[in-house]
Each structure stands twice: as structure tokens, then as C-alpha cells.
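Novice: This is the structure I want to talk about, given as C-alpha cells.
The values are calculated or read from the model by the stated rules, or taken from the named source; none is laboratory data. For clarity, every value in this text was computed on a predicted model and none was experimentally measured. With ideal geometry, Cβ positions are generated from the backbone for all residues, glycine too; neighbour counts draw on all protein chains shown. Ligands, DNA and RNA are excluded from the accessible area calculation, which covers all protein heavy atoms including side chains. Shrake-Rupley method; radii C 1.70, N 1.55, O 1.52, S 1.80 Å.
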Amino acid sequence: MTVQRFTRVQRALHWVMAVCVIAMLFIGVGMASTVAPQYLALVGVHKSLGIVVLLLAVVRLVVRLRSGTPPLPADLPEPMKLAAHLSHYVLYALMIAMPLLGWAELSAGGYPVVLWGGIWLPPIAPQSDTLHTALWNAHFYLAFVFFAVVLMHVAAALFHALVRRDGVFEAMGPRLTHEEVSQPAE
């Protein structure tokens, strides 16, 4: 079986973002469940990492639109193909929406968005207690949806790798083949 793969850039972005998103989800859980002194440090990391995720998601979307994706296996049932396509739309939407919601939430609450290195981001929403509460709720509850979609994505990847063994996991897998080692960088 010949496996068509995502480009090196796509694979690198995928795995870097996987680490960032999983870290963000767990940092968010830590923030929501603590009042300890580490809370402010977690908030600072969460804000900066959120903007990193936003920027990487936009870059990744542009690269995906430019480079395309390998086809799914021809024998994959249509409902599974639909689920794969829809889950990717949801993942991209959440990777972009969640940081924007967090940024808008802080803006509406009158809180500064200061990133690593002292970079200040401008507010993107007017100050409003009502809006701040609505955005906080949206960010909080969508985080659970994001967590669930990430878990489903991981489960689907493992299903393709361990059960179907149909090349879907290998298309995004980080392992290099002999041919790729000799290919020029993209």
C-alpha cells in the first residue's frame, strides 16, 4: 500500500499544534480549578499560548488550502468520511474561535492581554460586564466541546493506526521514510 502523506510543513504544524492545544486544554482546566498563587502564572501562559495557537491555526489553514490533503481510503465508509471532514471543520473553527473568544472576553472585562515579552494586544471587544460574562461562558463551555473533539480525533487516529491500518495515521505520522530523508525540504 502506497501512503500519500501530508507535506512536511503540514505534519510539523499538526504536531506542534497538537502539543500546544493539549497544553492549553490542561492549563485551562488548571486555571478553572485553582485559586492558588499559580493561577496568575497559568493565566499568563494560557493567554500567550492561545495567541500562538490562533496564529498557527491561521498559518495551518492557509497551508492546507494551498497544499491540499491526501485522499481518504476509497474503502472508508461514507459516514466515516463525512465524520472526518466535519471533525476537521470543527477543529479548525475551535482552534481559531477559542483564542478569539478568550481575547474578547478579557477585553470586555477590561483586562489587558499581555503576552510573553511584554507584548500588549489591543482590546477587540468593548468593555461590558454582560458581554464579559457571555464570552466567559462561551469560552468555558466550548472548551469542553474542544476537549471532546480532540479526544475523538485522537480516538479516530488510533482506530486508523491500530484497527484499519489504512494509511490515514501514517499520512500525518511524524516518522520519516528513506525516500523522504532524501527529498529536499519544502
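Novice: Could you report the chain's accessible area per residue, 1.4 Å probe, as an integer in Å²?
Specialist: On the way: 11320 Å² over 186 residues.
Heavy-atom SASA per residue in the chain reads 61 Å².
Novice: Under the Kirkwood approximation applied to all pairs of distinct alpha-carbon atoms, what is the hydrodynamic radius of the chain in Å?
Specialist: On the way: mean 1/r = 0.0547 Å⁻¹.
When all Cα pairs of the chain are included, the Kirkwood radius is 18.3 Å.
Novice: OK, next. So what is the relative contact order for the chain, in percent, with contacts set as C-alpha pairs under 8 Å and at least six apart?
Specialist: Numbers: 165 pairs, mean separation 52.3, N = 186.
Taking the mean separation of contacting Cα pairs over the length of the chain, I get 28 percent.
Novice: Moving on. Which order do the peptides 4-10, 111-117 take when ranked by the mean count of other beta-carbon atoms within 10 Å per residue, highest first? Write out the running numbers ahead of the final one.
Specialist: Details: 4-10: 16.3, 111-117: 13.1.
Highest mean packing first, the order is 4-10, 111-117.
Novice: Run the dipole for the range 33-186 about the Cα centre, Lys and Arg Cβ at +1, Asp and Glu Cβ at -1, nothing else charged, and hand back the magnitude in debye, nearest 20.
Specialist: That gives the range 33-186 a dipole magnitude of about 80 debye.
Novice: Moving on. Take the Cα coordinates of the range 1-108, assign each an equal point scatterer, and use the Debye formula without solvent to give log10 I(q)/I(0) at q = 0.18 Å⁻¹.
Specialist: Values, matching the q order: -0.95.
Novice: With a 10 Å radius around each residue's Cβ, average the other Cβ atoms per peptide and rank 65-71, 160-166, 104-110, highest first. Walk me through the numbers on the way to the answer.
Specialist: Numbers: 65-71: 12.1, 160-166: 14.1, 104-110: 20.3.
The peptides rank, most packed first, as 104-110, 160-166, 65-71.
Novice: Shifting gears a bit: At 1.4 Å probe size, with the rest of the protein present, what percent of the exposed accessible area of the chain is carbon and sulfur atoms?
Specialist: Numbers: 8200 of 11320 Å².
Of the solvent-accessible surface of the chain, carbon and sulfur hold 72 percent.
Novice: To the nearest 10 degrees, how steep is helix 78-108 against the longest Cα principal axis of the chain, on a 0 to 90 scale?
Specialist: 20
Novice: Considering only protein heavy atoms, with the full assembly of protein chains and a 1.4 angstrom probe, order TYR39, TYR89 by accessible area, largest first. Present the calculation step by step, with values, prior to reporting the outcome.
Specialist: Details: TYR39 90, TYR89 160 Å².
I get TYR89, TYR39, largest accessible area first.
Novice: When the helices in the chain are scored as -39500 (n - 2.57) per DSSP H run of 4 or longer and the sum is shared across all residues, what 222 nm value do you end up with, to the nearest 500 deg cm²/dmol?
Specialist: Numbers: 6 runs with 125 residues, N = 186.
Calculated at 222 nm, the ellipticity per residue is -23500 deg cm²/dmol.
Novice: Using the alpha-carbon atoms, what tilt in degrees (0 to 90, nearest 10) does helix 38-67 show relative to the longest principal axis of the chain?
Specialist: 40
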